[in-house]
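Below is one structure, written out as structure tokens; the observations come after it.
The values are calculated or read from the model by the stated rules, or taken from the named source; none is laboratory data. Keep in mind the model is a prediction, meaning the values are calculated, not measured. Using ideal geometry, Cβ is built from the backbone for each residue, glycine included, and neighbour counts are taken over all protein chains shown. Accessible surface is based on the protein model in full, side chains and every heavy atom, while ligands, DNA and RNA are left aside. Shrake-Rupley method; radii C 1.70, N 1.55, O 1.52, S 1.80 Å.
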Amino acid sequence: MIGTRAAAAVFAAALALAAAGCSSGTSNDTAGVTAAPPAVSETAPEATGGGPTGAGESTGNAASTATDRPAADPNACTATELTLTAGQSEGAAGSVIIPLVFTNKGARTCVLDGFPGVSYVTGEGGTEVGAAATRAGSSAGPVRLAPGTKATANVRAVQVLNYPSSDCVPGAVGGLRVFPPNAFDALFLPHSGTGCTQPGVHQLEVTAVVAG
């Protein structure tokens with residue numbers, strides 16, 4: 001009887017040891033497993049172009065704007081080489097023709113080619129009055145001005161008082177601001193009168209320069 005009990009106890013003890021061994025082995029196996037590191041991508045990050053505009057691009061834009069102004073012809077007469085006077089005015093239907101006479105006062109032969117830029121102004125160095133002159137006809141070609149010789153362009157000035165006051169909005173005029181063809185500096189010709197201050201009113205027209 002005792003032997004049977006002893007055998008049962010030994011068997012129970014053996015089962016307990018076996019269970020403990022299995023549990024210990026499972027724990028050791030789990031502890032020995034190391035998690036794999038996250039995969040590293042072998043693809044390089046994509047380059048982006050979202051940075052600020054480069055200085056080269058800004059310079060390019062500035063250069064493009066600057067070239068909108070044409071380069072001066074080195075043979076063109078400059079304003080400092082010319083005197084400007086008015087020829088004999090003539091009346092026309094509802095307008096007056098004012099000859100612009102350019103005289104070469106310089107020491108070299110220079111060239112006038114094309115149309116002068118003309119506008120009414122309040123006075124010498126004053127503000128522009130209304131719209132600038134439109135062009136009439138076509139260019140007569142380059143005019144070579146030797147020292148002391150002359151060239152002429154005609155300005156037709158409309159009698160603006162014939163326009164309705166509400167459309168014209170009349171204002172005092174002290175003269176004409178005249179840019180010789182291909183020149184960037186202007187001359188002033190005194191001419192008192194009245195002009196339309198509204199830019200949409202057609203009040204001045206100019207022809208191309210011709211010799212004499």
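Look at the dipole of the range 91-179 built from charges on Cβ: of Ala157, Ala92, Ala140, the Cα furthest out on the positive end belongs to Ala140. According to the square roots a ≥ b ≥ c of the eigenvalues of the Cα gyration tensor, what is the shape class of the range 72-212, taking rounded for a/c under 1.5, prolate for a/b larger than b/c otherwise, and oblate for the remainder? Verdict is prolate for the range 72-212. Restricting the range 79-136 to trypsin sites (Lys or Arg not before Pro) that sit in a DSSP loop and have at most 16 other Cβ atoms within 10 Å of their own Cβ leaves Lys105, Arg108.
Semi-axes, largest first, in whole Å: what does sqrt of 5 times each Cα gyration tensor eigenvalue give for the range 168-212? Write out the running numbers ahead of the final one.
Numbers: eigenvalues 104, 33, 23 Å².
Semi-axes (√(5λ), whole Å): 23, 13, 11.
Share of carbon and sulfur in the accessible area of the range 163-212 stands at 56%, probe radius 1.4 Å. Near the amide H of Asn154, within less than 5 Å, lie the amide hydrogens of Leu100, Thr207, all on another chain or at least 5 residues away, with H placed in the peptide plane.
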